[in-house]
Amino acid sequence: MITDSSDLKSYHRPDIQGLRGVAVLLVVIYHTGVAFPGGFIGVDMFFVISGFVITQVLMREYEETGTIRLRSFYARRARRLIPALSLIIVFTLLVSLVAMSPFGEQQQIIKTAIASVFFAGNIHLFAQNTYDALKNNPLRHLWSLGVEEQFYWVYPVFFVALLRIAKKRFIKVLIVVLSAFAAISFGIGVLLTYGFEFGYTKGSPLSSQFGFLSKIGFQPGSDWPTKFAFFGAPARFWEILVGAVLAVCINKLVIHSKFGSRFLIGVGVGAISWATFMLSPISKFPGFIALLPVAGTALLILCGRQSKICDSLLSSKQLVYIGDISYSLYLWHWPFIVFARAIWPGTSLAPFVAALLSVFPAVASYNFIEKRFRENRALAETKTLRLTAALMAVSLIFSFALDEAADSGLGLVVPEIRSDNFASGLNNNCTEFPTNFEVECSVGPNDAPFLVYLFGDSNAAAASTGVAEAVLSMGGALVIAAGSGCPFLATSPTDLCAAFNKTRFNSVEKREPDVVLIVNHQSNYLVDNYHPWGKAENMLQSLSQTLLWLDTLGIPAIVQGEIPFCDFKINFVSRLSSKRKSCEGNYDQQLDHLELLFATERLTKDFAQHYFFDPRFTVCPKELCAPFLNGKMVFVDRDHLSPSGSRMLTPIFVDAIKKVLEQK
């Protein structure tokens, strides 16, 4: 028997429900963009609370019955989670038909829905790592549910096995083992957050032996460690384990001193508050800094009841009720916010209003779905299994049916897509870090009078259609080498990009092309996690070094100024809106973009043989950017030209190439 467990008779603690309420409010408010730049730590608070509550449930069951029935545990979890989850998945799929684009966005949502049915949303999002998967996905928030349930696939089985092995020494052994696993998981998370690749580097034996992993997100030399630190279950389990360890030994950690308990409560509140207000999406997270919300939550669970003020606040009816509906509110708020942004782009109040409105379906889901299924004792384990299978099947059927509908285009005008560009048609590898680009990504006659190199990030691939038409019409030869997130610059943010740029620089030095055409986007990289760039001056310094190097080789460069951002939607709602006729936020409102554009122009003109041109007035005639012009698509997404858009620049490319060749 477990004799030194927590007071199982007083298991339900209103203050913990109130703490759940605080956690979900932080997440919801953070997602609206109104306040709390570090409000995402509410998820970490959830993890700690979950580990604490579930461990006490397991211990209480053993204390009261002398056994732990795994089938009953998993049946309870299924009744608790799957009905409400299935409802939000079906709702999201249906609304996405109207609010989201059938040309990429809906397909990404459907894939996330299928993964989330099996509690693998975090795995899917890590493997995808695309703009639509992470930004415009109304099911993105289900990644945390994946982490939590992957833990509970294993934890109860491990708990029972250890109970049978350790027997009378179970508590002591459990504390030691859980603490050891937590320390290992924490260490993994910290190392990954700071980019440690565990030997899985480009060209290493591990990357050769397990090369198939690159297809699911583990691309050697890329930033996979930091992304896996966030989405990967092994790097997050320690947060749940902290709550589990606390549940096992909470009686032994009672603080009898009023001053001591109040001090620890203050530390806990301070840690959570500091993380909420001082962290942001660009912080190195989880890493060491995740200790703040995790430790803060653990301290409030440990000492919260020993302070009347803290206990009365967390146990207030309002917070407890928000804690009661926290699961449903978490499920509903993010789809509402994403759909509001899609339907009313540029409206700053839309996310906030959407979050408020999401409370109503959350309350309904809690009362009519969650409570009814969770409290229905008539649902035996076998019936629960059948119900679970049926609900999962419904979600999957909707997903597959809507996938067929989305692929049909839903009657909307089929737009051009990024993979329609010339570089992708030439060889798909030419757009994603090609290594043998001198051969595989080369077009034009062998005896061409001149050779042009087109280098840059994904914007170079987007420009390739117009560039190819210009070069080939002049009888020249063209070599293309582009990599997403990897501008052609002297400095690089990742090992993969650094190696690729080294290959590009070596090729220029070896073959000495007549012209190097540089097409980069710059504003996208003005964030701290793109070190050593991050700031405009760093980007410009790196470009200056690149142009100086080319200048010493006597090779002229043509630098295309970055294209402006164009936020737009192709969906049923946009057909009825004037928003489709123009980009949301014209280029004259994009101050960072204009600052970099003008600075790049000044920098390039400091070199006599280099040439700069501004694409704005060609792709945005009459000083107004629009996704469509004269019945043709200009932008394929917010920061890439379509093939038709790049063709608009063909005369500019021809003129620029002629000018630099005449100067040689």
Quiz item: Would you pick out the residues in segment 35-49 that are open to solvent by 30 Å² or more (accessible area, probe 1.4 Å) and β-branched (V, I, T)?
Solution: none
Practice problem: Quickly run through segment 432-447 and pick out the residues that are on the phi < 0 side of the Ramachandran plot and touching a Leu at 6+ places or on another chain (Cβ under 9 Å). | Solution: E440, C441, S442, V443
Quiz prompt | Among (1) surrounded by 13 or more Cβ atoms within 10 Å (Cβ to Cβ); (2) hydroxyl-bearing (S, T, Y); (3) free of Cβ contacts under 8 Å to residues at least 12 places away in the same chain, the one test that S257 misses | solution = (1)
Quiz item: What is the one condition in (1) within 29 Å of R79 (Cα to Cα); (2) part of a helix (DSSP H, G or I) that F119 does not satisfy?
Solution: (2)
Quiz item: Quick one: in segment 434-450, which of the residues that are of a type outside the set (D, E, K, R) and over 18 Å from T465 (Cα atoms) is surrounded by the fewest Cβ atoms within 10 Å (Cβ to Cβ)?
Solution: N446
Quiz item: Can you tell me how many residues in segment 425-451 are among the aliphatic types (A, V, I, L, M) and more than 16 Å from V515 (Cα to Cα)?
Solution: 2
Practice problem: Working only within segment 614-644, note down all residues that are in a helix (DSSP H, G or I) and without any contact (Cβ under 8 Å) to a residue 40 or more places away in the chain. | Solution: F617, T618, P621, K622, E623
Quiz item: Taking P513 and the conditions (1) in a loop (DSSP other than H, G, I, E, B); (2) at pLDDT below 95, which numbered condition does it fall short on, given that it satisfies the others?
Solution: (2)
Self-check item: Residues of segment 331-360 that turn out to be open to solvent by 20 Å² or more (accessible area, probe 1.4 Å) and either within 27 Å of P83 (Cβ to Cβ) or in a helix (DSSP H, G or I) (or both), as a count
Solution: 9
Exercise. Would you point out the residue of segment 181-197, among those that are assigned to a helix (DSSP H, G or I) and either hydroxyl-bearing (S, T, Y) or at positive phi (or both), that is farthest from the chain's Cα centre (by Cα)?
Key: S185
Quiz item: Of the residues that sit in segment 219-229 and are open to solvent by 30 Å² or more (accessible area, probe 1.4 Å) and in a loop (DSSP other than H, G, I, E, B), which one is nearest to L292 (Cα to Cα)?
Solution: D223
Quiz item: Any idea which residue in segment 187-218 is surrounded by the most Cβ atoms within 10 Å (Cβ to Cβ), counting only those that are of a type in the set (A, V, I, L, M) and under 20 Å from F230 (Cβ atoms)?
Solution: L192
Quiz prompt | Number of positions in segment 611-634 that are surrounded by fewer than 19 Cβ atoms within 10 Å (Cβ to Cβ) and among the β-branched types (V, I, T) | solution = 1
Quiz item: Out of the residues in segment 635-657 that are of a type in the set (A, V, I, L, M, F, W, C) and within 27 Å of the chain's Cα centre (by Cα), which is surrounded by the fewest Cβ atoms within 10 Å (Cβ to Cβ)?
Solution: V636
Practice problem: Identify, from the list V471, V479, V467, the residue that is open to solvent by less than 10 Å² (accessible area, probe 1.4 Å), in a strand (DSSP E or B) and not acidic (D, E). | Solution: V479
Quiz item: Counting only residues that are modelled with pLDDT under 95 and among the β-branched types (V, I, T), how many does segment 309-337 have?
Solution: 1
Self-check item: Conditions (1) within 25 Å of the chain's Cα centre (by Cα); (2) open to solvent by less than 50 Å² (accessible area, probe 1.4 Å); (3) modelled with pLDDT of 85 or more: number failed by A406
Solution: (3)
Practice problem: Have a look at L543, L547 and point out the one that is touching a residue at least 24 places away in the same chain (Cβ under 8 Å) and either under 23 Å from F450 (Cβ atoms) or under 28 Å from the mean Cα position of the chain (by Cα) (or both). | Solution: L547
Quiz item: Listed residues L163, L142; which is within 30 Å of P345 (Cα to Cα), part of a helix (DSSP H, G or I) and aliphatic (A, V, I, L, M)?
Solution: L142
Self-check item: Filtered residue count, segment 54-84, keeping only those that are part of a helix (DSSP H, G or I) and out of contact with any helix residue (DSSP H, G or I) (no Cβ under 9 Å at 6 or more places or on another chain)
Solution: 1
Quiz prompt | Near pairs, Cβ below 9 angstrom, 6+ apart or cross-chain, from segment 383-394 (not polar (S, T, N, Q)) to any residue that is not in a helix (DSSP H, G or I) | solution = L387/L379; M392/F118
Quiz prompt | Some residue of segment 491-500 being crowded, with 24+ Cβ neighbours inside 10 Å, in a loop (DSSP other than H, G, I, E, B), under 27 Å from the mean Cα position of the chain (by Cα) and in contact (Cβ under 8 Å) with a residue 24 or more places away in the chain | solution = no
Quiz item: Name the residues in segment 29-53 that are closer than 12 Å to I301 by Cβ and of a type in the set (A, V, I, L, M), would you?
Solution: M45, V48, I49, V53
Exercise. May I ask you to list pairs of residues, at least six apart or on different chains, whose Cβ atoms are under 6 Å apart, with the first in segment 19-36 being hydroxyl-bearing (S, T, Y) and the second being assigned to a helix (DSSP H, G or I)?
Key: Y30/G39; Y30/F40; T32/P351; T32/F352; T32/A355
Self-check item: Residues being among the hydrophobic types (A, V, I, L, M, F, W, C) and open to solvent by less than 30 Å² (accessible area, probe 1.4 Å) - total across segment 71-126
Solution: 22
Exercise. Test A608 against the stated conditions and say whether it is farther than 18 Å from G485 by Cβ, surrounded by fewer than 16 Cβ atoms within 10 Å (Cβ to Cβ) and either modelled with pLDDT of 90 or more or over 28 Å from the mean Cα position of the chain (by Cα) (or both).
Key: yes
Self-check item: Set I309, I282, I265: member being of a type in the set (V, I, T) and open to solvent by less than 40 Å² (accessible area, probe 1.4 Å)
Solution: I265
Practice problem: Would you mention how many residues in segment 492-544 are more than 22 Å from P225 (Cβ to Cβ) and hydroxyl-bearing (S, T, Y)? | Solution: 5
Quiz prompt | Matching residues in segment 285-306 - criterion: being open to solvent by less than 50 Å² (accessible area, probe 1.4 Å) and among the polar types (S, T, N, Q) | solution = T297
Practice problem: Tally the residues that are within 15 Å of A656 (Cα to Cα) and buried (at least 17 other Cβ atoms within 10 Å of the Cβ), restricting the search to segment 587-605. | Solution: 1
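The values are calculated or read from the model by the stated rules, or taken from the named source; none is laboratory data. Not measured: the values here are computed from a predicted model. Methodologically, a virtual Cβ is constructed for each residue, glycine included, from the backbone with ideal geometry; neighbour enumeration extends over all protein chains shown. All accessible areas refer to the heavy atoms of the entire protein, side chains included, with ligands and DNA or RNA removed. Shrake-Rupley method; radii C 1.70, N 1.55, O 1.52, S 1.80 Å.
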